[in-house]
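Derivation of every value follows stated rules applied to the coordinates shown; laboratory data play no part. Fair warning: this is a prediction, and the values are worked out from it, not measured in the lab. Cβ sites come from the backbone with ideal geometry, for glycine too, and all protein chains shown count toward neighbours.
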Amino acid sequence: MPSRRHIIADDIRNKISTGRIKAGERLPSEAQLASDYAVSTATLRNALAILHGEGLVEKIHGKGNFVRYPLRRITYLGGGLTPRTKPSSDSAFRVNVRATNLQARGQLIGLLGVSANSPLTEFFCLSHEGKSPHSLARIYVPHELAPTGVPAESHCYEVVTAKLAELRPPLAEVRERVSARPPTPEEATTLRISSTLAVLAITRVAADRTGRVVEAALLILPGDRSDALFTTHHVTHEGTSRE
């Protein structure tokens, strides 16, 4: 026999699929829903957790639970000197950027190969599709290589990476590591996703011809809407390349 939380989740899911509750619409308060279904608040929250995990409902801090707009998939195009993300061409996609000066600590010391407290600049990039957060990236560069004039908002990551390339020397090597893991509490809150939904965590480290790391990026892509594509170019004996 299905549990009460699954019965409630099924009922709300059916209301969403039939259009009785529309995308972007706020659900009644948790207390009201618990009363409507004659269950405890804990049982009601367990039912909502099922819908959060399915990506049907998102909880916005201080506002309540909302039916999530269907999010189009985004592809991370790796395997090259310039990282790219490719959203659906017809999506209302934008990237908000915040620059912060800080000192190297913890993981950043090893990623960038610098001493503790070395001056760095972080570019925090949060992408949105419509009003819903889609993915996030933290890009770190030595402070002296940080460009000015990076737009606070753009329609793609390429605008940001183009500005970052203006001061840095040419890249000679890029290392990318992709792993699947649960989101941190901060990532789950920022992206408004369930803590049970796996994310693609991509760590990208770029070095110049001297071996100096000039950029490190940490990208978080929710697993329910993201793909990672890597293309390898092989050199033939005739000196031509092929994919």
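Note on the chain: Lys pairs 8 or more places apart or on different chains, Cα atoms under 27 Å apart, count 12.
Remark on Ser135: its backbone amide H falls under 5 Å from those of Ser127, a criterion applied only to residues 5 or more positions apart or on other chains, H modelled at 1.01 Å from N. Can you bin the range 74-235 into rounded, prolate or oblate? Criterion: square roots of the alpha carbon gyration tensor eigenvalues sorted a ≥ b ≥ c, rounded for a/c under 1.5, prolate for a/b above b/c, oblate for the rest. Because its axes are fairly even, with a/c under 1.5, the range 74-235 counts as rounded. When only Cα pairs below 8 angstrom with a gap of at least 6 residues are kept, the range 4-67 shows a relative contact order of 41 percent. Counting 0.36 nm for each residue step from Phe230 to Lys15 and taking away their Cα separation leaves a gain of 73.4 nm.
For the peptides 146-157, 47-58, the ranking by mean Cβ contacts within 10 Å, running from highest to lowest, is 47-58, 146-157. Between His6 and Arg98, take the C-beta separation as r, use R0 = 41 Å, and let me know the FRET efficiency to the nearest 0.05. Step by step, r from the Cβ atoms, then E = 0.50. In the chain, excluding the sites themselves, the longest stretch lacking any of the trypsin sites (Lys or Arg not before Pro) that are in a DSSP loop with at most 10 other Cβ atoms within 10 Å is 132-208.
Think of the range 112-194 as having a plus end and a minus end, set by charges on the Cβ of Lys, Arg, Asp and Glu; of Pro119, Thr189, Ser132, Thr189 sits farthest toward the positive end of this dipole.
For the pair Ala23 and Phe124 in one chain, pulling the backbone fully straight at 0.36 nm per residue adds 33.5 nm over the alpha carbon distance.
Helix 4-17 and the long axis of the chain differ in direction by around 70°, with both axes built from C-alpha atoms. For the chain, the longest principal axis of the alpha carbon atoms and the long axis of helix 41-53 meet at an angle near 40°.
The value of relative contact order for the range 150-242, using C-alpha pairs under 8 Å at least six residues apart, is 22 percent. Global dimensions of the range 13-84 from alpha-carbon coordinates: Rg and Dmax equal 16.4, 57 Å.
In this label model, Thr189 and Asp208 are separated by 3.8 nm, measuring between points 7 Å along each Cα→Cβ vector.
Would you work out the charge dipole size for the chain about its Cα centre, treating the Cβ of every Lys and Arg as +1 and the Cβ of every Asp and Glu as -1, and quote it to the nearest 20 debye? Display every interim value, and only then the final one.
Details: 31 positive and 24 negative charges, 99 e Å.
The calculation lands at about 480 debye.
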